[in-house]
Amino acid sequence: MNILKSINNVKREENLQKFERFQSTLDFEINRDIKEILIGYNVAKPVRSFYKKENAEFDLNYLFGFSERAYEDFASNYETYSHRMPKEMFPIGNIDGGDLLCINKITGEVYYWFHEEDDWGLADNEKYPTKVGNNLNELLESLMESARSTKEEIERAKRGGGRKFISAIGLELLNKDRAKRGLPPLTMEEALANKK
C-alpha cells in the first residue's frame, strides 16, 4: 500500500468546511477519493511517486490540498487550469516540470496532462491527456520509488551548459503569481536571467 503524507498541518474540520464551500461553486460532484484526500490531508505527498509505463513517465510531487500557497492549493489550480484541459477533467496533483495529474469528473479515470502538448489554452490544440489509471487508488498503488538520475543523465545535464528555457505560458503564469504577491511582471529576458 502506498502511503500519503501531509505536507502541511491537517485541520480536518477546517478542510471539510473549505471543501463544502468549494463544492457548492461547482456544477459537478467531486470524486469521493479526491474529497477524502482534500479533507484528510493538507497537500498529500505519496511515499512512492514515480510512474513509468509505455504510455508515460513522470514523478508525482503531491496531490493538491487547501493551502496558502497557490501552487499547492486545489481551488487555485482548478481555477488556473480547468479551462486548459478537456471540460470533463480537473487537476488534482502537481507533476515535475509543470505537468499535472488530472481526473475525469464523470468516470474517475486519472490522466497525465503534459503541458507542452495537452494544453488546450494553446491555439488549435486539442490533444487529449494520457490515461494513467482507472481511478486514483489504482494509480497510487502503481507508483514506484522515485527514479534516481543515472551518472550518464547527470553528465548530459552538466554538458548542457545550463541552458535555460521558459515558455510563453510559463512566463504568463509566473507573472500572474508575481501580480498576486504585488510584484511587477518580468519580461522573457528577465525571467530567463532569474531562472537558476
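Each reported figure results from applying straightforward, stated rules to the coordinates on display, with no laboratory input. Predicted model only: the values in this text are computed from it and were never measured. Every residue, glycine as well, gets a Cβ built from its backbone with ideal geometry; the counts of neighbours run over all protein chains shown.
Cross-link reach is defined here as a Cα-Cα straight distance under 19 Å, omitting same-chain residues fewer than 8 places apart; for K45 the aspartates and glutamates meeting it are D33, E36, E57, D59, E68, E72, D73, D96, D99, E138, E141, E145. Length gained on full extension, E116 to K45, computed as 0.36 nm times the residue gap minus the Cα-Cα distance: 23.1 nm. Applying both filters, DSSP loop and at most 15 other Cβ atoms within 10 Å, to the trypsin sites (Lys or Arg not before Pro) of segment 1-82 gives K11, R69. Within a straight-line Cα-Cα reach of under 12 Å, K53 cannot be paired with any aspartates and glutamates, leaving aside sequence neighbours fewer than 8 residues apart in one chain.
With 0.36 nm allotted per residue and the present C-alpha distance subtracted, the E79-S146 stretch has 21.2 nm of extension available. With an a/c value of 1.5 or above and a/b not larger than b/c for the gyration tensor axes a ≥ b ≥ c computed over the alpha-carbon atoms, segment 42-115 is described as oblate. Amide H to amide H distances under 5 Å link Y62 with N94, where only residues 5 or more positions off or on other chains count and H is placed in the peptide plane.
For the options P86, P129, P184, a Gaussian network treatment of the chain with springs between C-alpha atoms closer than 10 Å singles out P184 as fluctuating the most. Considering only alpha-carbon pairs that sit under 8 angstrom and 6 or more positions apart, the relative contact order computed for the chain is 16 percent. If contacts are Cα pairs under 8 angstrom and at least 6 residues apart, what is the relative contact order of segment 1-65 in percent? Worked out over segment 1-65, it gives 40 percent.
Taking 0.36 nm per residue of sequence separation and removing the Cα-Cα distance, the E29/I169 pair yields an extension gain of 47.4 nm. Charge dipole (Cα centre; +1 on Lys/Arg Cβ, -1 on Asp/Glu Cβ; no other charges) of the chain amounts to roughly 740 debye.
With a 10 Å cut-off between alpha carbons and a GNM built on the chain, which of L174, L60, L101 moves the most? Of L174, L60, L101, the Gaussian network model singles out L174 as fluctuating most. Say we join alpha carbon atoms closer than 10 Å with springs in a Gaussian network model of the chain; which of I39, I106, I95 then has the biggest fluctuation? The residue with the greatest mean-square fluctuation here is I106.
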